[in-house]
Amino acid sequence: MEELNDRGFNKTACVVLVSDKPFYEGKVNKGIYKYFIGEFTVYGDVYKPTGARKGIDVISLSRRHEFQWTDLNNSRKYFVIEIPEK
């Protein structure tokens, strides 16, 4: 979304929907989970945490994006990050 924004798109957004509790609550507060449990901000280099190319594939963010989890139902939460026009 940052890249689209940088290329002239007005207002881009990222919507994240999860049904796995470790993404929004739990004791593990490192690796990929630090963004979603403790900091509620994504930033910097975010590495793929599982599967093939774990720790190799990366998304590099140039800005910090804060968010707040919202309940969808008993087992799902989501957040939306809107990237405003530059």
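The values are calculated or read from the model by the stated rules, or taken from the named source; none is laboratory data. Computed from a predicted structure; not experimentally measured. In this analysis, Cβ positions are derived from the backbone assuming ideal geometry, glycine residues included, and neighbour counts consider all displayed protein chains. Note: accessible area is taken over every heavy atom of the protein model, side chains too, but ligands, DNA and RNA are not part of it. Shrake-Rupley method; radii C 1.70, N 1.55, O 1.52, S 1.80 Å.
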Just to be sure I understand, how many residues within region 15-39 are open to solvent by 80 Å² or more (accessible area, probe 1.4 Å) and modelled with pLDDT of 90 or more? 2
Take the residues of region 70-86 that are in contact with a helix residue (DSSP H, G or I) (Cβ under 9 Å, 6 or more places away or on another chain) and in a loop (DSSP other than H, G, I, E, B): which is modelled with the highest pLDDT? S75
Could you list, ordered by first residue, the pairs with Cβ atoms under 8 Å in which the first is in region 39-55 and free of Cβ contacts under 8 Å to residues at least 24 places away in the same chain and farther than 26 Å from A13 by Cβ and the second is in a strand (DSSP E or B) and open to solvent by 80 Å² or more (accessible area, probe 1.4 Å), at least 6 apart or interchain? K54/Y47; G55/Y47
Pairs please, first residue from region 73-86 and within 12 Å of V16 (Cα to Cα), second anywhere and hydroxyl-bearing (S, T, Y), Cβ atoms under 6 Å, 6+ apart in sequence or on different chains. R76/S19; K77/Y24; Y78/T70
